[in-house]
């Protein structure tokens, strides 16, 4: 199973071809794809047209959807943020820390196109299907 970040879904739904969207296109229907509740929000809130929103919602709701945060995970998120901060790395978006930590803890590769996840790969063991 692979968790796909909003940075890939947004490009995918906008028809932008990247190595990440190409991989997503290949994986859909062949490999279990998951998203998180926060990712669902990030993607769906960006649609302007009702028809596009409904199409995306139908596709995304067909995937495995994880609740990314509970008390235990919140503590791990804070620990990971602090660990990177001690290395001089500040992650600006809390949602990215939540997503990365969830993937690390659940041993799920994260397909993303967001440089904010790179420190999690380099220092905390986040996996991505493009680097495997």
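What follows is calculated from the coordinates using simple rules that are stated; it is not laboratory data. Remember, predicted model here, so these are calculated numbers, not experimental data. Neighbour counts run over all protein chains shown; Cβ positions are idealised from the backbone, glycine included.
Within the stretch 80-92, the residues that satisfy the criterion of being in contact with a helix residue (DSSP H, G or I) (Cβ under 9 Å, 6 or more places away or on another chain) and surrounded by fewer than 13 Cβ atoms within 10 Å (Cβ to Cβ) are 87, 90, 92. At least 3 residues being within 17 Å of the chain's Cα centre (by Cα) and loosely packed, with under 13 Cβ neighbours inside 10 Å is the threshold, and among the helices (runs of 4 or more DSSP H) wholly inside the stretch 1-75 those reaching it are 19-27.
Which one is surrounded by the most Cβ atoms within 10 Å (Cβ to Cβ) among residues in the stretch 103-130 that are free of Cβ contacts under 8 Å to residues at least 24 places away in the same chain and not in a helix (DSSP H, G or I)? Per the stated criteria, the residue is 128.
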